[in-house]
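Structure first, then comments.
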Amino acid sequence: GAGVSQSPSNKVTEKGKDVELRCDPISGHTALYWYRQRLGQGLEFLIYFQGNSAPDKSGLPSDRFSAERTGESVSTLTIQRTQQEDSAVYLCASSFFRYNEQFFGPGTRLTVL
Amino acid sequence: QKEVEQNSGPLSVPEGAIASLNCTYSDRGSQSFFWYRQYSGKSPELIMFIYSNGDKEDGRFTAQLNKASQYVSLLIRDSQPSDSATYLCAVNGDTGFQKLVFGTGTRLLVSP
């Protein structure tokens, strides 16, 4: 596809369940980023992958959050034992290694009941 | 001090006026500067980027960068109601070229 895609677009889960969010970056983009945006708030950086380098996990809020990326393709963000405060839109972005303009996917809206 | 600061607004302008959005940043080593537009319920959309001091124009949008004063601004000429959105400033910070630091955004309201 031409843009960043994310799935699912919406996810409703019960407190304590695990969820997996998926991001498919723009083809050829080596860098991939995950952000969280709570209602009415700014973007909160979570994690950044650049090629085969070790990911920058400095933004992950707790050890319940983890992310993986296979090569320069799809990434999954996993939230274990979800809490109500995890409710937010999770945004993925990608960029080409020579430039740092980030292009965002449509996001996954996560609601934890 | 926050790394990237923006007035949260809302900034209200009448249709046809010039909207001026401002952003200051703390890292003197920052090299690249971006403006994103985010409509309510949507994801951010890149509208402008600037790397050099001075002005960069694209249609009704002009980005202005002053590295000495560490601010970047976005001017929107002939503002339209469809420009009503939150505008996010982003700057590459001290952690490297590709990782961006985002401001919390300025909400712009353009009234007909």
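The values are calculated or read from the model by the stated rules, or taken from the named source; none is laboratory data. What you see is a predicted model, and the numbers here were worked out from it, not measured in a lab. Glycine gets a Cβ as well: all are built from the backbone with ideal geometry, and neighbour counts include every protein chain shown. Protein only, heavy atoms only, side chains kept; ligands, DNA and RNA dropped before computing areas. Shrake-Rupley method; radii C 1.70, N 1.55, O 1.52, S 1.80 Å.
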Would you be able to say whether some residue in segment B:2-14 is at pLDDT 95 or above, exposed (fewer than 13 other Cβ atoms within 10 Å of the Cβ) and not polar (S, T, N, Q)?
-> yes
Unmet requirement for A:Asn10, which otherwise passes all of (1) surrounded by 13 or more Cβ atoms within 10 Å (Cβ to Cβ); (2) in contact (Cβ under 8 Å) with a residue 12 or more places away in the chain; (3) within 14 Å of chain B (Cβ to nearest Cβ) = (1)
Within segment A:70-85, which residues are within 13 Å of the chain's Cα centre (by Cα) and either surrounded by 21 or more Cβ atoms within 10 Å (Cβ to Cβ) or within 9 Å of chain B (Cβ to nearest Cβ) (or both)?
-> A:Ser75, A:Leu77, A:Ile79
Quick count over segment B:43-80, residues being assigned to a strand (DSSP E or B), within 14 Å of chain A (Cβ to nearest Cβ) and open to solvent by less than 50 Å² (accessible area, probe 1.4 Å), is 5
Subset tally (residues that are in a strand (DSSP E or B) and within 15 Å of the chain's Cα centre (by Cα)) for segment B:14-37 = 12
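Would you check which residues across segment A:16-45 are within 11 Å of another protein chain (Cβ to nearest Cβ) and either in contact with a His (Cβ under 6 Å, 6 or more places away or on another chain) or of a type outside the set (Gly, Ala, Ser) (or both) and list them? Let's see the steps before the verdict.
Let us first name the residues in segment A:16-45 that are within 11 Å of another protein chain (Cβ to nearest Cβ), namely A:29-33, A:35, A:37, A:39-45.
A:His29, A:Thr30, A:Leu32, A:Tyr33, A:Tyr35, A:Gln37, A:Leu39, A:Gln41, A:Leu43, A:Glu44, A:Phe45, listed by residue number.
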Does B:Ser40 fit the bill of being polar (S, T, N, Q), exposed (fewer than 13 other Cβ atoms within 10 Å of the Cβ), within 14 Å of chain A (Cβ to nearest Cβ) and assigned to a loop (DSSP other than H, G, I, E, B)?
-> yes
What residue, among those in segment A:88-102 that are more than 17 Å from A:Lys57 (Cα to Cα) and surrounded by 19 or more Cβ atoms within 10 Å (Cβ to Cβ), is nearest to the chain's Cα centre (by Cα)?
-> A:Val89
